[in-house]
1. Any residue at all in the stretch 197-208 that's more than 17 Å from VAL234 (Cβ to Cβ) and either buried (at least 17 other Cβ atoms within 10 Å of the Cβ) or in contact with a Lys or Arg (Cβ under 9 Å, 6 or more places away or on another chain) (or both)?
2. Let me confirm something: among THR78, THR91, which residue is of a type in the set (S, T, N, Q) and in contact (Cβ under 8 Å) with a residue 12 or more places away in the chain?
3. Can you pull out every residue in the stretch 313-368 that is outside any helix (DSSP H, G or I), surrounded by 21 or more Cβ atoms within 10 Å (Cβ to Cβ) and modelled with pLDDT of 90 or more?
4. Across the stretch 421-444, which residue is farthest from CYS408 (Cα to Cα) among those that are among the hydroxyl-bearing types (Ser, Thr, Tyr) and modelled with pLDDT of 90 or more?
5. Filter the stretch 242-273 down to residues that are in contact with a strand residue (DSSP E or B) (Cβ under 6 Å, 6 or more places away or on another chain) and open to solvent by 10 Å² or more (accessible area, probe 1.4 Å), then give me how many there are.
6. Give me the pairs: first residue in the stretch 177-194 and within 12 Å of VAL205 (Cα to Cα) and hydroxyl-bearing (Ser, Thr, Tyr), second residue part of a loop (DSSP other than H, G, I, E, B) and modelled with pLDDT of 95 or more, beta-carbon distance under 8 Å, and six or more apart or on different chains, which are they?
7. Give me the pairs, please: first residue somewhere in the stretch 291-312 and of a type outside the set (A, V, I, L, M), second residue anywhere and assigned to a loop (DSSP other than H, G, I, E, B) and surrounded by fewer than 17 Cβ atoms within 10 Å (Cβ to Cβ), beta-carbon distance under 8 Å, and either six or more positions apart or on two chains.
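The values are calculated or read from the model by the stated rules, or taken from the named source; none is laboratory data. Only a predicted model underlies this, so the values are computations on that prediction, with no experimental measurement involved. Here Cβ is always computed from backbone atoms with ideal geometry, including for glycine, and neighbour counts include all displayed protein chains. Note: accessible area is taken over every heavy atom of the protein model, side chains too, but ligands, DNA and RNA are not part of it. Shrake-Rupley method; radii C 1.70, N 1.55, O 1.52, S 1.80 Å.
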Amino acid sequence: MQDLLLSYYGDDLTGSTDVMEALELGGVPTVLFMRQPDAAMLAQFAHCRAVGLAGTSRSETPQWMDTHLKSAFVWLKTLNAALCHYKVCSTFDSSPTIGSIGRAIEIGRSVFAQDSVPLLVGAPQLKRYTAFGHLFAAYREKYFRIDRHPVMSRHPTTPMDESDLLIHLSRQTELTSGLVDLATLQSVARSEAFDRLLAEGTDIVLVDVDSRETQALAGKEIWRVRKPGGSFVVGSSGIEYALLAEWVSNGTVRAEPEFSPPGAADRIAVVSGSCSPTTERQIRHALTDGFDGIEVDPVELISEASGDAIARATAAGRASLEAGRSVVLYTALGPAADRGGEIDRQEGARHKLGRGLGELLRALTIEQKLQRVVVAGGDTSSHALGQMGVDALTVRMPLPASPGSPLCVAHSRVKAIDGLEVALKGGQVGTDRYFSAIRDGLSS
């Protein structure tokens, strides 16, 4: 692949499609692989200028990362892109034992033989902002410091109890860190300050972003300090938005993307492994707007009786779809229904839960000849799509009302799955009528 601008690893699948959407909106053709492709599969997307690899590291241990993340970075390095991005969630939720961003930076820094790693988290497009090193995020049109956020401060696996991102990282790594703050970023000494941190050997350099203007300045600096052969960077999809501003400014990207409306689907199937209150509202709205709801017991789905649970849910889904109705199959209806304590007693249970939902969705898709489906839940999506036999995704249509969760096209060796339209959404993403909008062709 020639003239590759960017390669990236997404720490979960919905985050990976978030990056793909940002790039496509900026006129950069992008493909997202579910696993490392062979030469033949890679050649099918030779026209792309960005290549992604969807991962699961957000829900994995540092020990898992040492093996799997390292091999992924080694492969991405062979693509010789100008930059390689380790994509993390814009809420930065992580811990020393699960989804450690600090450990990921250590691994990437080693693979790319790089002293200093730029870090950018703020993404105004997603209502995420960093100011003097602290992270802020929106929730229902109000703005919160991340350690006071109604959802992320109470995340069931990786609650964010610290808004200072460099303090948060210090719990995960002994690497040194520094900050290019808002005042410095907007001063004439911006480049000098950035270069000084690099010259001092600062291992992690966080760059503040609180607006599209500071985002563009951050993108200018990250692009300026890249090294021949490719540099390693870490952050949210704010990285892509920042770089796109610079690429447009310097003429690297000129294309105006065009997306044709997909139209309405007669019926769709949704599977959800999310406990988020956002997803809860979306499910409840769907149930008032032509969807049938089917509750799937998550504990049974990871048990020895999982086959029975899948068979019952498939039969219930079949009845709704054959009646011409869309269906949402869910393992939880909001935080009050979270059974994570029971699920986590079994090692690898959350992965098994995602695979079970994928098996269920695959059966309904093939049997009912569905043309459009949705998977809700960042951790769920990666394992579900793997179970469905999806090899790669490209963007079919961005969702302006729900940035970060585009409608995609699946590419697969399985004939019934190849060409399937798939929407993937993280727990905090989307308006209340997200599922209805997907069914209705993204109309507002």
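1. No: zero hits.
2. Values: THR78 fails: in contact (Cβ under 8 Å) with a residue 12 or more places away in the chain.
That would be THR91, the only listed residue that is of a type in the set (S, T, N, Q) and in contact (Cβ under 8 Å) with a residue 12 or more places away in the chain.
3. Passing the criteria: SER326, VAL327, VAL328, LEU329, TYR330.
4. Here the answer is SER436.
5. Count: 4.
6. Note: pairs meeting the criteria are SER177/THR202; SER177/ASP203.
7. Between residues of the stretch 291-312 that are of a type outside the set (A, V, I, L, M) and residues that are assigned to a loop (DSSP other than H, G, I, E, B) and surrounded by fewer than 17 Cβ atoms within 10 Å (Cβ to Cβ), the close pairs are PHE291/ARG325; ASP292/ARG325; PRO298/ARG339.
For (1) open to solvent by 40 Å² or more (accessible area, probe 1.4 Å); (2) modelled with pLDDT of 95 or more; (3) within 26 Å of ASP93 (Cα to Cα); (4) in a loop (DSSP other than H, G, I, E, B), each residue gets a yes or a no:
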{"position": "ASP18", "(1), (2), (3), (4)": "no, no, yes, no"}
{"position": "VAL51", "(1), (2), (3), (4)": "no, yes, yes, no"}
{"position": "ASP66", "(1), (2), (3), (4)": "yes, yes, yes, no"}
{"position": "LYS70", "(1), (2), (3), (4)": "yes, yes, yes, no"}
